Amino acid sequence: MMQYDYEIALAGNPNVGKSTLFNQLTGMNQHTGNWSGKTVENAYGYHRHGGKVYKIVDLPGTYSLSSGSKEEEIAFRYIREIREQVLVIVVSALSLERSLGLVIQMLSLTTRAVLCVNMIDEAARAGMVIDEDELHIQLGIPVVLCSSRYSPTLLRLYETIYDLCDGRIRTYRAQSLKGDEIRGILGTAECSDIVEGIVQKICKYSIRYQKTRVPSTKLDRLLTSKLTGIPLMLLLYGVLFFITAAAANVPSEWLGVLFAFLKGYIVAFLQLLHAPDVLVSILIDGVYTTLSWVVAVMLPPMAIFFPLFGILEDSGYLPRVAFNLDRAFSKAHAHPKQSMTMAMGMGCNACGVMGCRIIDTDRERKIAIVTNNFIPCNGRLPALIAIVTIFFGTTGSALYNSLIVSAVMVAVFAFAVLITMLCSRLLADTIYKGEPSGFVLELPPYRKPDILRTVIRSFVDKTWKVLLKAVYVAAPAGAVIWCLTHIEIGSVRILDYCVGFLDPLGAILGLDGVIVLAFLLGFPANETVIPVMLMSYMSTAVMMDYSSYSELSAILAANGWTALTAVCFLILCVCHYPCSTACLTIWQETKSLKTTLLSVLLPTAVGMLLCCIVNLFHTVF
Amino acid sequence: MRLSELGRLQEAKIQLVNIEEGGYRKRLRELGFLNGTVIVPLYRALFGGIRAYWLKGSVIAVRDSDADRIIVEVTNDAI
């Protein structure tokens, strides 16, 4: 923890450029964590000026100060406890009238504050004139009109903050704001009536409109009309999907080559230390192989997907997606923003689960978390494509085959989405029962995202953290797989005992013991399912990957695979428990054993049930 | 007149928000759904069921089922 002279907190509505201002103040010198006991991000950083260090805290964006949501509670508590700190209240000039209510609520708790009226350039374009001095007189705190993208106006804000910290500026409690009256009743209807009255009076003297106030909706109408909106959305999701699924393969291969290259050196190093052969084998064939597999497959899609999603988030397009898809999700009694977390799940389910933070009601957030794993992630995609290609795409010409494979893959995803919606509805009607929260969504103005910063921050905050979690679980799991395949009891591998034990269960599901075991051992990483299967079928001791589809096809056919096996495999691949990284993420995001268990049990139960039904149908008819 | 019946870009003033007290009502109030607020419908969602409105300097989307319960008075035919 760095020593600092002053603490400054940024507060205000969501979508008013608070984060941009935070970035401007702190540069790259920022840190994130969670507020104690809450899964709400706590971002802070440091700003230096004139030999002094200022700690900048980014409070969660809120619409009011009563303890309705976790974010509001955090902001309320922080502001209530202010002694030495300085509060920078950031509002958007465009929605100043609305935000003033929050400002007045905050000023009933502290007057160590400065009001930053942001996006003044956009307001000027919209024909709005704001009287800074009038606002200052009415509110009793310094007011700075600025644009966080335009530095000269920011410098004025900085100077004001320094002056306030050093006590060169005095603020006063304006009696007309009725602070004593509303302090105890924040968030009630009575409070909002009083505040509204004050806001009207302030606005009358300090805001003038020169022309029509309604913004241009051209872009929005393009994105929300049936004619252009659907193709644009499909294009966007298609590009996202293509980039995470296809473009990530190349760096994945590079990483694979790199890890294979390093492997030789590590073996040589261990031998130099005269490590026993068994230890070398556990570390290399077990731990290292699994670990490199997980990293090589998970890192590229995450490193591509997170920044891409961050850029979309910054641009303001994502709320439009939620807006467009609202009808479908309201039928499933789920939150419209779940469509975004589902898209994130396509890259990596752990990412998707983390992404559920954007859903602001607890009940709907949990539904999104529990059902996220139904969307096949990048780790499961290669297995799905391989099985679909082998069993559905070998009968005709090359073009015909690729069309069939694409169609079946689309069907697999349609199935995944359908199951997600059905299960969301099921959860909303049973375990997570409750009034579907009335949905009201702010559609913020479009903004040019700060690409470089988004890329770097998403790597530091998200990719790196998820990757570390994956490494924690993959390493011991690699050792377990090694033991199963290397330790023999009466000249039979433990692996083969397990397969024998699981065979009856496999038969019920239309599969065999090997496949079930491969799914079980795939817990640390879904990528290992097919390699473990092959290891078991071929009786080799090292995980291996297939070099061609025809080779894989021959091995599977020799081990009794039929179209039924393939269909059941696909079902189980879509519907089974989340990988260990995702489970760990669910636990960390919810701190709820019930939610974590449910996330494991629900998809598994659905998958097993569907497999049984398919198998039964097949046997009967 | 109900908010949901309002035509595109038809300016109106909110007269009554007929939604029971609770979290949702509170959120609406914070966003500016108060008696007397000027509101202008902007555009509908791709799959319908929800519409975006301009009020108090921001664009807010409300479901039609909720807009049914907000009573408005037309102030100006088109702006």
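Worth a mention:
- Candidate set: region A:311-353, residues that are crowded, with 24+ Cβ neighbours inside 10 Å and among the basic types (Lys, Arg); chosen: the one nearest to the other protein chains (Cβ to nearest Cβ): A:Arg320
- Boolean, A:Ser397 is closer than 24 Å to A:Pro531 by Cα, modelled with pLDDT under 85, away from chain B (no Cβ under 14 Å) and surrounded by fewer than 18 Cβ atoms within 10 Å (Cβ to Cβ): no
- Flag for A:Ser69 being in contact (Cβ under 8 Å) with a residue 24 or more places away in the chain, crowded, with 19+ Cβ neighbours inside 10 Å and within 27 Å of the chain's Cα centre (by Cα): yes
- Applying the criterion of being assigned to a helix (DSSP H, G or I) and free of Cβ contacts under 8 Å to residues at least 24 places away in the same chain to the residues of region A:205-225, the residue that is farthest from B:Lys56 (Cα to Cα) is A:Leu222.
For (1) on the phi > 0 side of the Ramachandran plot; (2) in a helix (DSSP H, G or I); (3) more than 38 Å from the chain's Cα centre (by Cα), each residue gets a yes or a no:
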residue: A:Val114; (1), (2), (3): no, no, no
residue: A:Glu122; (1), (2), (3): no, yes, no
residue: A:Ser147; (1), (2), (3): no, no, no
residue: A:Pro152; (1), (2), (3): no, yes, no
residue: A:Tyr162; (1), (2), (3): no, yes, no
residue: A:Cys165; (1), (2), (3): no, yes, no
residue: A:Tyr172; (1), (2), (3): no, no, yes
residue: A:Ile182; (1), (2), (3): no, yes, no
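- The set of residues in region A:72-111 that are in contact with a helix residue (DSSP H, G or I) (Cβ under 7 Å, 6 or more places away or on another chain) and more than 14 Å from chain B (Cβ to nearest Cβ) comprises A:Ile79, A:Val86, A:Leu87, A:Val88, A:Ile89, A:Val90, A:Leu107, A:Ser108, A:Leu109, A:Thr110.
- When A:Val460, A:Val480, A:Val473 are checked against the criterion of being hydrophobic (A, V, I, L, M, F, W, C), in a helix (DSSP H, G or I), away from every other protein chain (no Cβ under 14 Å) and crowded, with 17+ Cβ neighbours inside 10 Å, A:Val473 stands alone in meeting it.
- Count - residues of region B:26-60 that are among the basic types (Lys, Arg), over 19 Å from A:Lys204 (Cα atoms) and within 8 Å of chain A (Cβ to nearest Cβ): 4
- Among residues of region A:226-239 that are more than 17 Å from B:Gly48 (Cα to Cα), those with a beta-carbon under 8 Å from a residue that is among the hydroxyl-bearing types (Ser, Thr, Tyr) at least six positions away or on a different chain give the pairs A:Leu236/A:Tyr317.
- Pair list, Cβ < 7 Å and 6+ apart or interchain, from region A:8-35 residues that are within 14 Å of another protein chain (Cβ to nearest Cβ) and within 26 Å of A:Arg83 (Cβ to Cβ) to residues that are surrounded by 17 or more Cβ atoms within 10 Å (Cβ to Cβ) and basic (Lys, Arg): A:Gly12/A:Lys18
- Residue in region A:292-308 that is in a helix (DSSP H, G or I), within 30 Å of B:Arg63 (Cβ to Cβ) and more than 11 Å from the chain's Cα centre (by Cα) present: yes
- Cβ-Cβ contacts under 8 Å between residues 6 or more apart (or on different chains), taken from a first residue in region A:122-148 that is surrounded by fewer than 18 Cβ atoms within 10 Å (Cβ to Cβ) to a second residue that is basic (Lys, Arg) and in a loop (DSSP other than H, G, I, E, B), are listed as A:Gly127/A:Lys211; A:Gly127/A:Arg213.
- Filter result (part of a helix (DSSP H, G or I) and not aliphatic (A, V, I, L, M)) within region A:393-414: A:Tyr400, A:Asn401, A:Ser402, A:Ser406, A:Phe413
- The criterion of being at pLDDT 80 or above and buried (at least 18 other Cβ atoms within 10 Å of the Cβ) does not hold for A:Gly490.
- A:Ser66 satisfies every condition listed in (1) of a type in the set (Ser, Thr, Tyr); (2) under 22 Å from A:Thr171 (Cα atoms); (3) touching a Leu at 6+ places or on another chain (Cβ under 6 Å) except (2).
- Considered as a group, the residues in region A:193-225 that are closer than 21 Å to B:Gly48 by Cβ and β-branched (Val, Ile, Thr) include one that is surrounded by the most Cβ atoms within 10 Å (Cβ to Cβ), and that residue is A:Thr224.
- Among the conditions (1) without any contact (Cβ under 8 Å) to a residue 40 or more places away in the chain; (2) among the small types (Gly, Ala, Ser); (3) under 30 Å from A:Tyr63 (Cβ atoms), A:Ser458 misses just one, which is (1).
- Residue check, A:Ile367 among the hydrophobic types (A, V, I, L, M, F, W, C), over 20 Å from A:Ile530 (Cβ atoms) and touching a His at 6+ places or on another chain (Cβ under 9 Å): yes
- Meets criteria (more than 10 Å from chain A (Cβ to nearest Cβ), among the β-branched types (Val, Ile, Thr), in contact with a helix residue (DSSP H, G or I) (Cβ under 6 Å, 6 or more places away or on another chain) and in contact (Cβ under 8 Å) with a residue 40 or more places away in the chain) for B:Ile70: yes
The rows are residues; the columns are (1) modelled with pLDDT under 90; (2) assigned to a helix (DSSP H, G or I); (3) touching a Phe, Trp or Tyr at 6+ places or on another chain (Cβ under 6 Å).
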site: A:Ile8; (1), (2), (3): no, no, yes
site: A:Pro14; (1), (2), (3): yes, no, no
site: A:Ser19; (1), (2), (3): yes, yes, no
site: A:Lys38; (1), (2), (3): yes, no, no
site: A:Val53; (1), (2), (3): no, no, yes
site: A:Thr62; (1), (2), (3): yes, no, no
site: A:Leu87; (1), (2), (3): no, no, no
site: A:Val91; (1), (2), (3): no, no, no
site: A:Leu100; (1), (2), (3): no, yes, no
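- Residue list for region A:204-218, restricted to those being among the charged types (D, E, K, R) and either out of contact with any strand residue (DSSP E or B) (no Cβ under 6 Å at 6 or more places or on another chain) or modelled with pLDDT under 80 (or both): A:Lys204, A:Lys211, A:Arg213, A:Lys218
- For region A:566-621, filtered to residues that are assigned to a helix (DSSP H, G or I) and of a type in the set (D, E, K, R), the residue that is modelled with the highest pLDDT is A:Lys594.
- Taking region B:1-49 as the range and being touching a residue at least 60 places away in the same chain (Cβ under 8 Å) and crowded, with 18+ Cβ neighbours inside 10 Å as the test, the residues that pass are B:Leu3, B:Leu6, B:Gln10, B:Glu11, B:Ala12.
The values are calculated or read from the model by the stated rules, or taken from the named source; none is laboratory data. Owing to the predicted nature of the structure, the values given are computational and were not obtained by experimental measurement. When we count neighbours, we look across all protein chains shown, and the Cβ atoms used for this are built from the backbone with ideal geometry, even at glycine.
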